[in-house]
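Here's the structure we're looking at; comments come further down.
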Amino acid sequence: MKNVIRDKNIVLGVCGGIAAYKSIELLRLLVKQEANVQVIMTRKACEFVGPLTFETLSGQPVCISLFGDDGDASIKHIDWAKEADAVVIAPATANILGKIANGIADDALCTFILAVTSPVIMCPSMNTHMYENRAVQRNIDILEADGKHIIVPGEGELACGISGAGRLPEPEFILEYLISILSTKDFTGKKVLVTAGPTRECIDPVRYISNYSSGKMGYAVARAAAKRGAEVTLVSGPTNRCVPQGVTCINIESALEMSTAVFDAMDNSDVIIKVAAVADYRPKKQADQKIKKSGDELVLHLQKNIDILKELGGRKKNQVLVGFAAETQDLKNNAQKKLTEKNLDIIVGNIVGTPTSGFGTDTNKVTLFFKDGTSESIPEMDKEEVANILLDRILMVK
Ligand code: PMT
């Protein structure tokens, strides 16, 4: 999948707030993604961080004044505005919010913003009482009505010593937001249900049967679909992953809990993608108390879990139904058998058990099998890239 940030012209506006140091990290992340970044700083921002740092990291002169030393700065803001694919203002102070909300153009940054037609993302960051002040909130309302994207600040301990809303979100979060704004929105209007992670089948109050699924693949599918404009519901087994921006997550533990959540959401879904590694069996009896050690052997009786995907295949109406098949051998036959038996549109045959593919890895090696009998082998790549290729193919299912 293409990196949506690569070669994009991003203008980073930096205002005078204590969080200005975090915009250095944001710039570093943007440059790492191969964006062309132009930085505009307010004069007050220069009192918190030096322009030289931004100049060095971006490889471009920083714009501070409309009337710079090089003589042509007054034209520069129009050129940059024309070329910008997106603008991020981080941190955005109460002052800049007020100026931009009211069309004031008395410095380089707010003059530039008046000339911009591409998306503008503003990241308010200030003292909680300032942030909650009616005038600031009124300005934010105006900015949102004008089509600016406002990232709600985080809550926590602030530099001024009080605790509350006003923290600049982490640079990684701002980058994700920007990627989502720049991504193609070809899933707009589609409701996508994704399952991810393992299930846990309880043996007694302290033990369970599970597997090594980390949730990386399922969360990557959910994240990619949300970035492409889908309304995403993620039914997730226990993982330590963060819920992607804009995704509704339903946490479950067992296969039975997953089946309830999935069947409840099924009728309201256009696409269902079952990435989760569901336990095929659960202990027949769940002990109320911790099972005590006794004897050299312990026999656990297992009972078959419902095959959620197969059941979905039976109940399917107009949904596109996608399964994953984790296989250690004979990928083609095993995957194709599941495709037919479970009445799927696509099955993602996933070779597992190698250091770079399958459970817990950041990359994956998969082959897509389609219901018309064709297949497509995808080279090993990052799980989010795999997710995007899968989403591309889902759009082609009739
Ligand atoms: O989470 P990661 O660490 O990133 O790992 C990703 C993954 C390896 C778990 C993922 O890519 C993958 O292959 N998921 C499917 C794992 C699996 O359980 O495969 P399966 O062949 O046992 O099941 C086939 C399909 O039926 C799956 O879509 C599964 O969700 C579904 N199923 C299986 C059993 C069951 N009782 N109910 C189901 O719905």
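The values are calculated or read from the model by the stated rules, or taken from the named source; none is laboratory data. Bear in mind the structure is a predicted one, so any value in this text is a computation, not a measurement. Neighbour counts are summed over all protein chains in view; Cβ atoms, including those assigned to glycine, are modelled from backbone coordinates with ideal geometry. With ligands, DNA and RNA removed, areas are computed over all heavy atoms of the protein, side chains included. Shrake-Rupley method; radii C 1.70, N 1.55, O 1.52, S 1.80 Å.
Pairs please, first residue from segment 368-385 and closer than 21 Å to residue 216 by Cα, second anywhere and open to solvent by 70 Å² or more (accessible area, probe 1.4 Å) and not in a strand (DSSP E or B), Cβ atoms under 6 Å, 6+ apart in sequence or on different chains.
Going by the 6 Å Cβ cut-off, the qualifying pairs are 385/1.
For the structure I just gave you, tell me whether residue 318 is out of contact with any strand residue (DSSP E or B) (no Cβ under 6 Å at 6 or more places or on another chain), more than 9 Å from the ligand (Cβ to nearest atom), at pLDDT 95 or above and outside any helix (DSSP H, G or I). Write out each step before concluding.
Working: out of contact with any strand residue (DSSP E or B) (no Cβ under 6 Å at 6 or more places or on another chain): yes; more than 9 Å from the ligand (Cβ to nearest atom): yes; at pLDDT 95 or above: no; outside any helix (DSSP H, G or I): yes.
So residue 318 fails the test.
For residue 361, work out the one condition from (1) touching a residue at least 40 places away in the same chain (Cβ under 8 Å); (2) assigned to a strand (DSSP E or B); (3) β-branched (Val, Ile, Thr) it doesn't fulfil.
(2)
Need pairs with beta-carbon distance below 8 Å; first residue in a loop (DSSP other than H, G, I, E, B) and within segment 328-355, second aromatic (Phe, Trp, Tyr); sequence gap 6+ or separate chains.
345/370; 352/359; 353/359
Which of the following residues is away from the ligand (no atom under 15 Å from the Cβ), of a type in the set (S, T, N, Q) and loosely packed, with under 14 Cβ neighbours inside 10 Å: 303, 289? Let's see the steps before the verdict.
On the way: 303 fails: away from the ligand (no atom under 15 Å from the Cβ).
Only one candidate passes the filter, namely 289.
Does segment 231-243 hold any residues that are part of a loop (DSSP other than H, G, I, E, B) and open to solvent by less than 10 Å² (accessible area, probe 1.4 Å), and which are they? Reasoning before the result, please.
Within segment 231-243, the first condition is being part of a loop (DSSP other than H, G, I, E, B), and the residues that meet it are 237-243.
Of everything in segment 231-243, just one residue is part of a loop (DSSP other than H, G, I, E, B) and open to solvent by less than 10 Å² (accessible area, probe 1.4 Å), namely 237.
Restricting attention to segment 206-217, which residues are in a loop (DSSP other than H, G, I, E, B) and either open to solvent by 30 Å² or more (accessible area, probe 1.4 Å) or more than 19 Å from residue 262 (Cα to Cα) (or both)? Give the steps one after another, and end with the answer.
Kept after step one, since they are in a loop (DSSP other than H, G, I, E, B), are these residues of segment 206-217: 206, 210-215.
Of everything in segment 206-217, those that are in a loop (DSSP other than H, G, I, E, B) and either open to solvent by 30 Å² or more (accessible area, probe 1.4 Å) or more than 19 Å from residue 262 (Cα to Cα) (or both) turn out to be 206, 210, 211, 212, 214.
Looking at segment 12-38 only, could you name the residues that are open to solvent by less than 20 Å² (accessible area, probe 1.4 Å), within 19 Å of residue 50 (Cβ to Cβ) and out of contact with any Pro (no Cβ under 8 Å at 6 or more places or on another chain)?
Within segment 12-38, 12, 13, 27, 30, 37 meet the criteria.
Here are 220, 255: which of them is open to solvent by less than 10 Å² (accessible area, probe 1.4 Å) and more than 17 Å from residue 364 (Cβ to Cβ)?
Numbers: 220 fails: more than 17 Å from residue 364 (Cβ to Cβ).
Going through 220, 255 in turn, the sole match is 255.
Please work out if residue 326 is surrounded by 18 or more Cβ atoms within 10 Å (Cβ to Cβ) and within 7 Å of the ligand (Cβ to nearest atom).
So residue 326 passes the test.
Residues that are surrounded by fewer than 19 Cβ atoms within 10 Å (Cβ to Cβ) and among the hydrophobic types (A, V, I, L, M, F, W, C): which helices (runs of 4 or more DSSP H) entirely in segment 115-196 hold 2 or more of them? Break it down stepwise before answering.
On the way: elements: 128-132, 134-145, 171-182.
Filter on segment 115-196 gives 134-145, 171-182.
Filter segment 244-280 down to the residues that are in a strand (DSSP E or B) and more than 14 Å from the ligand (Cβ to nearest atom) and list them by number. Outline the logic, then answer.
Filtering segment 244-280 for residues in a strand (DSSP E or B) gives 248-251, 271-274, 277.
Scanning segment 244-280 gives 248, 249, 250, 251.
Please tell me if residue 351 is over 16 Å from residue 201 (Cβ atoms) and within 12 Å of the ligand (Cβ to nearest atom). I'd like the intermediate steps shown before the answer.
On the way: over 16 Å from residue 201 (Cβ atoms): yes; within 12 Å of the ligand (Cβ to nearest atom): yes.
In short, yes.
Hey, can you tell me all the residues within segment 101-110 that are touching a residue at least 24 places away in the same chain (Cβ under 8 Å) and open to solvent by 20 Å² or more (accessible area, probe 1.4 Å)?
Across segment 101-110, the qualifying residues are 102, 107.
Out of 312, 390, report the one residue that is within 12 Å of the ligand (Cβ to nearest atom), surrounded by 21 or more Cβ atoms within 10 Å (Cβ to Cβ) and more than 24 Å from the chain's Cα centre (by Cα).
On the way: 390 fails: more than 24 Å from the chain's Cα centre (by Cα).
Result of the check over 312, 390: 312.
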